[in-house]
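Trainee: Pasting in a structure now, in structure tokens, and then I'll have a few things to ask.
Bear in mind these aren't lab numbers, they're just calculated from the coordinates by the rules spelled out. Everything quoted here is computed from the prediction, not taken from an experiment. Note that each Cβ is placed from the backbone with ideal geometry, even for glycine, and that neighbours are counted across all protein chains shown.
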Amino acid sequence: MKTTSLLLLGACALFSPLSAKEPTPPRPVVEVAFVIDSTGSMSGLIEGAKEKIWSIANGIILRESNPQVRMGLLAYRDRGDAYVTRLHTLTDDMDAVFANLKEIKADGGGDTPESVNQGLHEAVTRMQWSQDKNTKRIIFLVGDCPPHMDYQDDVKYQKTCKRAAKNGIVIHTVQCGNHAETKPIWNEIAKLGGGSYIPLPQSGGMVAIVAPQDQEIARLSAELAKTSMAWGDQQQQQQVWQKNHVAANATAQTVTERACYNLHTGGRAVQGQGDLLTDIAEGKIKVETLKPEELPAELKTLSEGQRIEHIKKQQETRTQLNVHIGNLLRERTSHIEAEKQKLTKEGKSDAFDLKVKEVIDARLRWNRRQTIFPRKWLDRGLGATPRFPPWNIMSIFGSRKNRRLRKIALHLKRDCARFCALMASNAVCGVAQRRWCQDLWSTIHGIIPCRWPLPQWKRKMPIRSILCIWCLSQRTKIAGRELWWWM
């Protein structure tokens, strides 16, 4: 009894910071690169991707964690075509991504193998990936034909996948059609890249869902584009005008998805830099500091006071339009979800955009669990990056040489269970602490699935496990080596 009381008092002291307001965690960053075969046989998927790229981006940013999105494109063909590769590096400017995708035309080809090796290698080495270790990096290799393995100066996909794994890049393969020679190679690339193999119809299977609100949202988006005020040098202003022009010529469904993305990234009219209202709202510039030649055309003839008044009116107009668009988007969401359920019942859920969303969603869930047991710690016992979910520790530590690690994982789980049970049943602890313990136990139970009932504990809980749990609760950055020695 005395030991239990002392343990509870010590645990309450350790968890006292939990009652304070926790700092807001930084927004996660998701980097996605599409490596697409742009030969003639891929015309169906490329045209469908142009309609769905905004929908894919919305599927990422509308998550609870509100991640930041950076996308890149690489189109590849074969030697002897108009080009072998055409690279557009990663950017958070989705209008630029959409414009680059619109420029990709399916043409060329003829022979079956393509320059897959060169396209994949350039995507891994030249895409300008972030160096932040917390960034999720994903490549989607999309094509219907196998690579040329007879090009002597090519870097083969086996070496490229090894380099991608070293840099934390996950490669998923999407096969369009049913070419027999492509399937085993696409499967191998997915396994080597730590990703998944996704077979799809030749056209990508994407279905355009029309909602009754699309036309009205498109009309309001055109009004919203009129509030954009391009500033800067001539090239930057031209880019803003070009983005609005490309959006104006898109379909109503594409414009609606773009409006949804703009609304959830700060109520923008265009993505990227160059819109005066957005850059002022984000604190990037002040209108007083702009040179006369950098001002938007409509402000050059106005006095300083008139400029400020005009900007305020444009901001009010934009806010009102965004409110209307937001209301229509909420109505549209319920309609779209109902239509998706119908498509699922009809067996039309295997579409390119839906599969991409599923993969990215799974990747984000994977990293949430990975914060409990760092990948470095798992690699220490395995000697290589695991190709299966790292939170399934029972399967990782099943071999005889890792028996010690398996025992450590079991002890930690048992200590967590006992600690959470004591804290949750203690009336002295606050509601926040008890709720945190319940959440922790649910997380631990999902990370380390147990195949047999937990035994009765007949020993004191080691203090090293308490320290581990407490530090993890404070979201402390723990290196794999430190965690190893604590345990």
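Trainee: If neighbour count is taken as other Cβ atoms inside 10 Å, put Lys312, Lys52 in order from fewest to most.
Mentor: The fewest-first ordering by Cβ neighbours comes to Lys312, Lys52.
Trainee: Order of Lys136, Lys342 from fewest to most other C-beta atoms within 10 Å?
Mentor: Fewest-to-most ranking of Lys136, Lys342: Lys342, Lys136.
Trainee: Let me ask something else about it. Treating only the Cβ of Lys, Arg, Asp and Glu as charged (+1, +1, -1, -1), what charge dipole size does region 214-345 show about its Cα centre? Round to the nearest 20 debye.
Mentor: With Lys and Arg at +1 and Asp and Glu at -1, about 360 debye.
Trainee: Still on this structure, I have one more. Using the 10 angstrom Cβ neighbour count as an exposure proxy, how do Trp54, Trp241 rank, fewest first?
Mentor: So the residues, fewest neighbours to most, are Trp241, Trp54.
Trainee: What is the sum of charges, Lys and Arg at +1 and Asp and Glu at -1, for the other residues whose Cβ falls under 11 Å from the Cβ of Asp107?
Mentor: +1
Trainee: Still on this structure, please answer the following. Hey, what's the Kirkwood Rh for region 29-200 if you take every pair of different alpha carbons, in angstrom?
Mentor: 16.1
Trainee: Got a sec? Charge dipole of region 29-200, +1 on Cβ for Lys and Arg, -1 for Asp and Glu; which of Pro184, Gln128, Asn66 is way out at the positive end?
Mentor: Selected residue: Asn66.
Trainee: With 27 Å as the limit, write out which pairs from Lys50/Lys357; Lys284/Lys355; Lys52/Lys105 have Cα-Cα distances beyond it, or answer none.
Mentor: Exceeds cut-off: Lys284/Lys355.
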